[in-house]
Amino acid sequence: MELSELMKEIRDKYKNDSLTSRKLKISRQAIINICEGYSIPKDETVVKMCEELNLDKDKMIIKAHTERSKGEVRKIWEDIGKKLSNVAAALLVSVFVAPQMLALNSIRHSESPSG
């Protein structure tokens with residue numbers, strides 16, 4: 001999701017730019033510029049946005065840096081984001097799937113007839 005869309009979500013949550021600006025501690029003009037895609041929020045603002053919407057801060061900071069960057073630097077940030085996603089997926093497998101597979105394997109061995 002684009003950062004501009006996230007800002008629109010927060011603005012909708014608070015119903016107006018004044019309250020949104022107080023919550024995020026940025027100007028109303030900054031909110032408008034972010035919503036319209038004219039600017040990318042600073043990292044501190046991205047963190048506050050994530051707290052408002054209960055989103056992964058690491059992923060959104062990488063997203064902000066990717067949106068701010070161009071050329072080779074943008075490609076580097078995109079690669080960092082992909083690597084983070086791959087690590088997260090591997091961790092999920094190791095935490096949730098692997099123990100279940102070990103348990104199933106253990107059950108199979110305990111149920112097999114001993115020779």
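Rule-based calculations on the coordinates, nothing more; no lab input. All values derive from a computational prediction rather than experimental measurement. Reconstructed Cβ throughout: ideal geometry from the backbone, glycine too, with neighbour counts over all protein chains shown.
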Rounded to the nearest 20 debye, dipole of the chain from Cβ charges on Lys, Arg, Asp, Glu: 320 debye
Could you list the GluC sites (Glu not before Pro) in the stretch 9-105 that lie in coil according to DSSP, counting only those with at most 11 other Cβ atoms within 10 Å of their Cβ? GLU36
Obtain the nm distance between the two label points defined at LYS8 and GLN100 by a simple spin-label model: each point lies 7 Å from its Cα along the Cα-to-C-beta direction. 3.6 nm
Tell me, LEU55, LEU92 in order of fewest to most beta-carbon neighbours within 10 Å? LEU92, LEU55
Among residues other than LYS8 whose Cβ falls under 13 Å from its Cβ, what is the net charge (Lys/Arg +1, Asp/Glu -1)? -4
By a straight-distance test (C-alpha under 29 Å), which lysines pair with LYS75 as possible cross-link partners, with residues fewer than eight away in the same chain excluded? LYS8, LYS42, LYS48, LYS57, LYS59, LYS63, LYS83
Between ASP43 and LYS57, what length in nm is gained on full extension when 0.36 nm per residue of separation is reduced by their alpha carbon distance? 4.1 nm
What list do you get for VAL46, VAL95 if you sort them by fewest beta carbons within 10 Å? VAL95, VAL46
Provide the FRET efficiency to the nearest 0.05 for the ASN16-SER69 pair, computing r from the beta carbons and using R0 = 35 Å. 0.65
What is the sum of charges around LYS25, taking Lys and Arg as +1, Asp and Glu as -1, for the other residues whose C-beta is under 10 Å from the C-beta of LYS25? +2
